[in-house]
Amino acid sequence: MTAAIRTAPQPQDSITALNPTEILIKVKSAAVNPVDYKLPRLVAGKVVGLDVSGVVEKLGADVKDFQVGDDIFGRAMNSKGTISGSLADYTLANMEEVAKKPKWLPFDHAAALPTAYLTGIQSLRAGNVKEGSSVLVIGASGGCGIAGVQLAKAMGASRIVGICSGKNFEFVREMSRIEEVENLELVNYTDEDAMNNFKEKNVGKFDCIYDTATGSRKGEDYVPTMTKLLEEKTGEYVQINGSPSDWKRHFMGKMPPQRTFILTESKGKADLEEIVSLLESSSVKSHLDMNFFDEKGVNEGFEQLKGRRTKGKIVFNMD
């Protein structure tokens, strides 16, 4: 079996033993995320990759909602809750970690969805986003940021603001399919005057701030200057990363009021089904940065991730 692995020993040539709730998947496409290089092998497993799309090859005894030959997508996490790895010919997934892939959604686009869009929908839900909400997405041109903009639109937000580099404005507009200027505003974080003007005019204006940038490799921290933009009593600041002290407060249950950390929940089958329904209703798809599945392609993909030089999601076609 061909696979991208974290250490020298080769994986087994085949996967034959299935636990009752597991599915063996013939991988068609796989995507990578920052977590794939941030987590150590002991936690993340031997084979690289979490996001996957493919075809059901074999079913565990307790799997009832899928059949051999079904097209599926989701996260390559086994019944023990550990990562099986998606950059391989075959992988395993617990039946609650995958959903059926609709025919309108290509395998490569399906593989780009799980981690970024599960994180997005769970974050916006934590931020109480609904019809008429005002949403600020920080880091709007990245994989999680684009997911946040698209999902906020599909969930009925009436005002969406994205913070990203000015060179990525057109990309975000294209991916969001939001033509109305009043419903999508973009702010260039490299323009100090524009950022200051935006913050001065928007104190208390947002129901939800979805921060995908704080705590990234370049040490950004938007929290001190952006929390004042929340609606005073009901606004929610939702972040997916932060400083070590932030993580400590999160795990101790001592986060400040109106601030939430999101760790993507497991068993995301129902959320995956909702995500594809929302995307279909708003006529949007994920953006793909395609790489060849060979040693050079995998290395280049991870260099892009680490260097933050990609827009959207890095995906590998495995056929």
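One table, with the values for the structure above:
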item	result
Test result for Ser123, over 18 Å from Ile275 (Cα atoms) and either at pLDDT below 95 or in contact with a strand residue (DSSP E or B) (Cβ under 7 Å, 6 or more places away or on another chain) (or both)	no
Unmet criterion (only one of (1) over 21 Å from Ala213 (Cβ atoms); (2) surrounded by 18 or more Cβ atoms within 10 Å (Cβ to Cβ); (3) not charged (D, E, K, R)) for Gly120	(1)
Boolean, Leu229 is under 15 Å from Val137 (Cβ atoms) and of a type outside the set (D, E, K, R)	yes
Residues of segment 96-116 classified as over 19 Å from Ala270 (Cβ atoms) and surrounded by fewer than 24 Cβ atoms within 10 Å (Cβ to Cβ), total	6
Qualifying positions in segment 124-139 - buried (at least 24 other Cβ atoms within 10 Å of the Cβ) and touching an Asp or Glu at 6+ places or on another chain (Cβ under 9 Å)	Gly127, Val129, Val135, Leu136, Val137, Ile138, Gly139
Matching strands (runs of 3 or more DSSP E) fully within segment 4-87 where at least 1 residues are open to solvent by 30 Å² or more (accessible area, probe 1.4 Å) and at pLDDT below 80	none
Residues located in segment 129-147, provided they are within 15 Å of Ser216 (Cβ to Cβ) and either of a type in the set (Val, Ile, Thr) or not in a strand (DSSP E or B) (or both)	Val137, Ile138, Gly139, Ala140, Ser141, Gly143, Cys144, Gly145
Test for Phe251: is it more than 16 Å from Ala116 (Cα to Cα) and at pLDDT below 75	no
Among the residues listed as Lys269, Lys205, the single one being modelled with pLDDT of 90 or more, of a type outside the set (Phe, Trp, Tyr), within 19 Å of the chain's Cα centre (by Cα) and over 18 Å from Ser123 (Cβ atoms)	Lys269
Strands (runs of 3 or more DSSP E) fully within segment 182-239 counting 2 or more residues that are among the aromatic types (Phe, Trp, Tyr), under 20 Å from Lys130 (Cα atoms) and open to solvent by less than 60 Å² (accessible area, probe 1.4 Å)	none
Members of segment 264-304 found to be in a loop (DSSP other than H, G, I, E, B), of a type in the set (A, V, I, L, M, F, W, C) and surrounded by fewer than 19 Cβ atoms within 10 Å (Cβ to Cβ), listed by number	Phe292
Residue among Ala157, Ala152 that is in a loop (DSSP other than H, G, I, E, B), hydrophobic (A, V, I, L, M, F, W, C) and closer than 19 Å to Arg125 by Cβ	Ala157
Tabulated pairs, segment 295-310, first of a type in the set (A, V, I, L, M, F, W, C), second at pLDDT below 75 and open to solvent by 30 Å² or more (accessible area, probe 1.4 Å), C-beta under 9 angstrom, 6+ apart or interchain	Val298/Phe292; Phe302/Tyr37; Leu305/Tyr37
Meets criteria (at pLDDT below 75 and of a type in the set (Phe, Trp, Tyr)) for Phe261	no
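The values are calculated or read from the model by the stated rules, or taken from the named source; none is laboratory data. No experiment lies behind these values; they were computed from the predicted model shown. Note that we place each Cβ from the backbone using ideal geometry, even for glycine, and neighbour counts take in every protein chain shown. Keep in mind that these areas ignore ligands, DNA and RNA; they rest on the heavy atoms of the full protein, side chains included. Shrake-Rupley method; radii C 1.70, N 1.55, O 1.52, S 1.80 Å.
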